[in-house]
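Participant: The structure under discussion is supplied below as structure tokens; questions concerning it will follow.
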Amino acid sequence: MTTGKIGVTTENIFPVIKKFLYSDHEIFLRELVSNAIDASQKLKTLASVGEFKGEIGELSVKVSIDSENGTLTVSDRGLGMDAEDIDKYINQIAFSGAEEFLAKYKDTANSIIGHFGLGFYSAFMVSKKVEIRSLSYKDGAKAVAWECDGSPEYKLTECDKTERGTDIILYIDDDSKEFLEKSRIETLLKKYCRFLPVPVIFGKEQEWKDGNYVDTDKDRVINSVEPLWAKKPSELKDEDYLNFYHELMPGMEDPMFWIHLNVDYPFTLTGVLYFPKIKNNIDIQKNRIQLYCNQVYVTDQVEGVVPEFMMLMQGVIDSPDIPLNVSRSYLQADGQVKKISSYISKKVSERLDKMFKEDRAEFEKKWDDIKIFIEYGMLSDEKFCDSARKYALLKDSEGKYFTFEEYKTLVESTQTDKDGNIIYLYATDCEAQYSYIQSAKSKGYSVLTMDGQLDSHFVSLLEHKLEKTHLVRVDADIIDRLIVKDDALKVDLTAEQIEIASDLFKSQLPTIEKTEFFVQLEALSQQETPAIVTQNEHMRRFKEMSAMNPGMNFYGEMPDNYSLTINCDNASVKKIITEACSAIEEKIAPLRNEINQLNSSIEEARKADEKADTSDNEAKVAELRKQQGDIIAQYATTIPTIKQIIDLSLLQSGLLKAQSLDDFIRRSYSLL
Ligand code: ADP
Ligand code: MG
């Protein structure tokens, strides 16, 4: 028998292992099972190069619990270890500068374990004593037993093990009794070992017998040894991908499509990413990509490891280049991992590009469902954005799809305004904004549909990315002011007529809670409707933004501002204005004269002395204006068509509701 002291620096490492790793105690099982798998794989390798000539037999890893003795055992039939191996691989913890390292990283102790190959020692997180019994594959090897109670002293003896391989026996600590529970171990094995490449056995298959589940004599294998992502894409059918998906994501609907990543250079990386159908915001949750390292589960906390936008996807990524056993913060800081992340993003983009090029019709069919992924990607990942511009699509109100380039070519000649900006018109709800879309189309303009969950952000992105291009919603203003051309028509009315006309309409506006209207006159064409309600683009975007951002609630409380544009080229409007002017001119003329006189004297007084007190006269003007307004309002009530025109324009924009809507319907009947 030999006794000795483990390594040089272990006196410092044991307390770290025991105490600092508190939160992640369960990973010891992953470590031990991974080692057992490694040992099995190594034996296969030795056999394949002719260094091992014996019988490999059936390689499997067995996990078992002995609750009587309070032990958990992980056994393998791998290459085993002799005394020399144990000394080399277990006793001498193979890294230098451990103390320095520990001092630096004592807060992120979790990262030490995997990084420096201390996997085996994680057994001490849950054990008061650990025993190794091993028989090496080497000819004439003697079986050895090693034991250690967590102090730096170990014992190494010969033993009577007759089968090749290694048993790791953990004498579970009193405060870790949970790891003697069958269900707990089963859960852990399912979590970490589901796709390991060697069968992992835990207990027996059960069958239903005489009203009870009883063990059969068939071993129960926890894992599927060749998961889908490890197979060649050419060997797989759609059905295989779908089955695997449902195994991974039970209870989900079929995904739309998937991408099988299979990369050898500059990283080794395999994986399958599924694009699920996202129907509403609740579906947008994260952590549905699992990260593996050589089929060993690492984490499903993939933030920072895969590109942000891919968090909407589901599936697995497996790379031996992703450091195993490390904490998330460590993963995120790892340079290699960052490169992997941007590489995945590039691969996904290439795949989408290929789909687009190979079968555009099919790509267009999927577009509405996949656009959320691509838009999210473009919004959150600059590089992805640049590459996605080749295949990202814009859809018009008729359901036709265009690439960015194609769309620009389509609208450039017609929708460039007098300042040389190209104006993209869009609708967020083609039904509600129907008449605005029609009026844009009647001018020969195209309207885009932007009704997706991310489209309000995407609109800003487009504006930012496309040169000299502005996006405005079709109902943001009358169409001639959205795309301003040189030949805009002039309003053919005197200043007095304009004043009367706007008072006429202003006085008849219904009051709608938290809504304000601004009335203006404009010469639209004769074919256009008499009046049109619009909402300023900036104001609307601002309110939308604040609605999404709780901190900006104050702005959300502000009233909605709309413009009511009266089309004075329209025959009915013309008639109303002319008739009104002649009907009330007599009453208004004297008021107007008085106002004009008062205004002139105010002006003169100010000219003489900048600080002259003109408040008396100003008050008089205000009073006279009010009288004038009252006269106009009074007259307006006798002309039901005014209210009718206003209500029709409110109806058109979806603003006519409740009492106002009821009034409108009643009035319409009475006019019949
Ligand atoms: P790593 O697996 O990263 O090398 P570990 O601390 O997990 O670090 O294991 C240290 C070494 O101990 C392994 O590299 C291997 O040589 C040896 N070892 C551990 N477990 C076994 C086993 N079940 N069979 C054979 N060798 C093992
Ligand atoms: Mg290991």
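The values are calculated or read from the model by the stated rules, or taken from the named source; none is laboratory data. Note that the coordinates shown come from a computational prediction; the quantities given were computed from them, not determined experimentally. No Cβ is skipped: glycine too gets one built from the backbone with ideal geometry, and neighbour counts run over all protein chains shown.
Participant: Of all residues in the range 63-119, how many are over 41 Å from the mean Cα position of the chain (by Cα) and at pLDDT 50 or above?
Facilitator: 29
Participant: Restricting to strands (runs of 3 or more DSSP E) lying wholly in the range 152-228: which have 2 or more residues that are within 16 Å of ligand 2 (Cβ to nearest atom)? Outline the logic, then answer.
Facilitator: Values: elements: 153-158, 165-172, 200-209, 212-221.
Here the list reads 165-172.
Participant: Going through Glu603, Glu618 one at a time, which residue ends up being modelled with pLDDT of 90 or more, in the same structural domain as Leu504 (by TED's automatic domain parsing) and more than 19 Å from Ala495 (Cβ to Cβ)? Talk me through it step by step, then tell me what you get.
Facilitator: Details: Glu603 fails: more than 19 Å from Ala495 (Cβ to Cβ).
Just a single option satisfies the conditions, and that option is Glu618.
Participant: Which of the residues spanning the range 31-67 are hydrophobic (A, V, I, L, M, F, W, C) and either within 16 Å of ligand 2 (Cβ to nearest atom) or within 24 Å of Gly203 (Cβ to Cβ) (or both)?
Facilitator: Residues of the range 31-67 hydrophobic (A, V, I, L, M, F, W, C): 32-33, 36-37, 39, 43, 46-47, 49, 52, 56, 59, 61, 63, 65.
The answer is Leu32, Val33, Ala36, Ile37, Ala39, Leu43, Leu59, Val61, Val63, Ile65.
Participant: Right, another one. Just give me the residues in the range 128-145 being out of contact with any Ser or Thr (no Cβ under 7 Å at 6 or more places or on another chain) and within 16 Å of ligand 2 (Cβ to nearest atom), in sequence order.
Facilitator: Within the range 128-145, Val130 is the sole residue that qualifies.
Participant: When you scan the range 226-240, do you find a residue that is out of contact with any His (no Cβ under 8 Å at 6 or more places or on another chain), surrounded by 11 or more Cβ atoms within 10 Å (Cβ to Cβ), modelled with pLDDT of 90 or more and among the polar types (S, T, N, Q), even just one?
Facilitator: no
Participant: Go through the range 180-215 and give me each residue that's of a type in the set (Phe, Trp, Tyr) and under 37 Å from the mean Cα position of the chain (by Cα).
Facilitator: Step one: list which residues in the range 180-215 are of a type in the set (Phe, Trp, Tyr), which gives 192, 195, 202, 208, 213.
Answer for the range 180-215, where residues must be of a type in the set (Phe, Trp, Tyr) and under 37 Å from the mean Cα position of the chain (by Cα): Tyr192, Phe195.
Participant: Looking at Leu425, Leu379, Leu394, which is the one that is crowded, with 20+ Cβ neighbours inside 10 Å and under 28 Å from Tyr274 (Cα atoms)?
Facilitator: On the way: Leu425 fails: under 28 Å from Tyr274 (Cα atoms); Leu379 fails: crowded, with 20+ Cβ neighbours inside 10 Å.
The unique qualifying residue is Leu394.
Participant: Within the bounds of the range 569-584, is there any residue that is in the same structural domain as Lys543 (by TED's automatic domain parsing), outside any helix (DSSP H, G or I), within 22 Å of Val491 (Cβ to Cβ) and among the acidic types (Asp, Glu)?
Facilitator: yes
Participant: Sticking with this one: Has the range 132-142 got at least one residue that is part of a loop (DSSP other than H, G, I, E, B) and in contact with a strand residue (DSSP E or B) (Cβ under 7 Å, 6 or more places away or on another chain)?
Facilitator: Taking the range 132-142 first, the residues part of a loop (DSSP other than H, G, I, E, B) are 136-142.
Next, from what is left, pick out any that are in contact with a strand residue (DSSP E or B) (Cβ under 7 Å, 6 or more places away or on another chain): 141-142.
For the range 132-142, residues part of a loop (DSSP other than H, G, I, E, B) and in contact with a strand residue (DSSP E or B) (Cβ under 7 Å, 6 or more places away or on another chain): present.
Participant: Still on this structure, I have one more. Please name all residue pairs, on different chains or six or more residues apart, with Cβ atoms under 7 Å, provided the first residue is in the range 74-94 and is in the same structural domain as Lys155 (by TED's automatic domain parsing) and over 23 Å from Val200 (Cα atoms) and the second residue is within 14 Å of ligand 2 (Cβ to nearest atom) and modelled with pLDDT under 95.
Facilitator: So the pair list comes out as Ile90/Phe120; Ile93/Leu118; Ala94/Gly117.
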